[in-house]
1. May I ask you to evaluate 6.51 cos²θ - 1.76 cosθ + 1.60, the Karplus curve with θ = phi - 60°, for each residue of the stretch 76-89 and list the ³J(HN,Hα) values in order in whole Hz, giving x for glycine and proline?
2. Given charges of +1 on the Cβ of Lys and Arg and -1 on the Cβ of Asp and Glu, with all other atoms neutral, how large is the dipole of the chain about its Cα centre, in debye to the nearest 20?
3. Once you compute Rg and the Kirkwood Rh from C-alpha atoms, what is the Rg to Rh ratio for the stretch 415-581?
4. Relative to the longest principal Cα axis of the chain, at what angle does helix 443-452 sit, 0 to 90 degrees, rounded to 10?
5. Among ILE181, SER320, TRP235, whose Cα projects farthest towards the positive end of the dipole of the stretch 173-327, with charges put on the beta-carbon of Lys, Arg (+1) and Asp, Glu (-1)?
6. What residues qualify as long-range amide H neighbours of ASN334, i.e. H under 5 Å apart, gap of 5 or more or another chain, H built at 1.01 Å from N?
7. Within the chain, what whole-number % of the accessible surface is contributed by carbon and sulfur, with the 1.4 Å probe and all protein chains included in the calculation?
8. Please list 3J(HN,Hα) in residue order for the stretch 574-579, calculated via the Karplus relation 6.51 cos²θ - 1.76 cosθ + 1.60 where θ = phi - 60°; whole Hz, with x for glycine and proline.
Amino acid sequence: MTLTTKSSDGLVAEDSSDVAPIFVDFNISKIDSEVTFENLTSGAKSLVWDFGDGETLEWDAEDSEEDPKFNPVHTYKTAETFKATLTATTFLGVQVSISKNIEGLVLSTIPDFTFAVSGFNVQFTDASILAVSHSWDFGDGNTSTEVNPMHMYAGEGTYEVTLTTTNDAGVSKTITQSVPIGGIEATFAAKILNGSIDEITGTDLNDNADAFDMTPNSTVKDASGSNVPSPFAGWKNSTLNTWIEDNISTSNEAPGGSSTAHSAPRALKLHEIQRRAYQPFAVEVGVEYTVKLWVRAEGAGELSVYIMDNEIPDETTLESGNLSKLVVTGGVNNSDSFEEYSFTFVATSTTALFYGKPGDNASGDNEVWIDDISIVTPGFDESGNPTGVTATVEAKILNGSIDEITGTDLNDNADAFDMTPNSTVKDASGSDVPSPFAGWKNSTLNTWIEDNISTSNEAPGGSSTAHSAPRALKLHEIQRRAYQPFAVEVGVEYTVKLWVRAEGAGELSVYIMDNEIPDETTLESSNLSKLVVTGGVNNSDSFEEYSFTFVATSTTALFYGKPGANASGDNEVWIDDISIETPGF
């Protein structure tokens, strides 16, 4: 803001100052001892609610006004008068506060309970406040008025259990919790974001560590060095960050990014006592999950990994309240090298927290590194794709026998495995008729092979050397390929069967890919499954049967056969009688 003044003799003076307009106020409404705070504030960068009973709540502008912390609901445990204070901080760092008395509370009961499951038996323990009577609804048609009832369920499932408590004034309150009985089937795969610590490929690879920061930045760098929205800005635990600063160290609590990694280029590094690895993730109550990770502990370095049942405001409940814990110690169960560890937990709420903490001796001589973190969900593979799905249609390889075309040119059979098949084949009279294999045409891959391997014909040859006459495929030059896409269903596990003969030191690699491919750069890193047959190793220059399985991750899979780099007239490979087995068919 600028103020300009002009004197009677014409002299002009100006002065300016930065301003950040702010308005701070709130309304209250009460139901018994439950108070709803309606926030009327505008222009605030951050807020702190002090409810006057020792409890506080923080809000930041990045959380948006839709966040429950902007308009909180607070339940008081006594009926005395409290002074609630709202302190707002402007974008220039100026604080403004307003206080109001909370009076006339009618003390109500606050229902709460815990439970312990053993098979089909559940022990319920009351944790309510000011309750003089209890009414339990176990979610299966049975009820109880006991304070701490034991109940046996008839079968597996998740039951919605409701406790209604009443105080001595006759005021009732209700709480409902989900109680899992038996093995609960997951409906989605739990997922750790950027568990490989490698997904951010911009100009600052250390941005990868932001996925495990309790207060991640709102942006990361892209390939040009520009700031783009961060995919890890879904949480912000400023309360825990402040607790660490107050009780451990004011230095940066975020994990470091390190080139010392299990899988390049990056891993997390916890090398100072205040460093933490923090990430909340969605789960389902009652499901048992497996956590996998690779850890290296230098010297006497120690890492404790806790799974908590929600985000935490401090570390006081790490030992008593964790769902599961892993401890890795250098010289004890780690030899200063990356080793894989796994442990399990059963979710008790819809959010779990991965929390990594170094030992009190953390230093440059006792560092710990974490890489390749994953959560395995039963019924899903490690990529999050469903497994064990029942197929509704049968997957089919066209002309897997290499014998279906019986016209004048038997080599037309090989067209079924050409990435750019002809539009016609010969019939019995030698005339051209429409080809049954013209449902795909991958000219992009064909061009890539011509540019990078050879301009000679990439199609497989047709050969009379066959497992079942009259024809088989032959890959006898380095650019020859066997290519066919086919329809599948996501989550179904299929079995590929084929007969192969490898002459001399001939080699065949068969890849199943999750779709058609534009080049061969992802064959090794992204295949769903792979088979390798090598002459003199697992083949004795004769047709032998091989099989391998894969789980479909999309609605199209690709059969892709590729000879070794030594492919020649002395190192040929033949493929015949290719089939896909679908469970249930």
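The values are calculated or read from the model by the stated rules, or taken from the named source; none is laboratory data. Computed from a prediction, not measured in an experiment: that's the story for all the values here. Cβ coordinates were reconstructed from backbone atoms using ideal geometry, including for glycine residues, and neighbour counts include every protein chain displayed. Remember, those area values only see protein heavy atoms, side chains included, never the ligands or the DNA or RNA. Shrake-Rupley method; radii C 1.70, N 1.55, O 1.52, S 1.80 Å.
1. 3J(HN,Hα) across the stretch 76-89, in whole Hz: 8, 9, 9, 9, 6, 8, 10, 10, 8, 10, 10, 10, 10, 10.
2. That gives a dipole near 240 debye.
3. Ratio of gyration radius to Kirkwood radius: 0.95.
4. Long axis of 443-452 versus the principal axis of the chain: about 80 degrees.
5. ILE181
6. Amide H neighbours of ASN334, under 5 Å, 5+ apart: THR329.
7. Working: 12620 of 27020 Å².
C and S atoms contribute 47 percent here.
8. Listing the rounded values in order: 10, 10, 8, 6, 8, 9 Hz.
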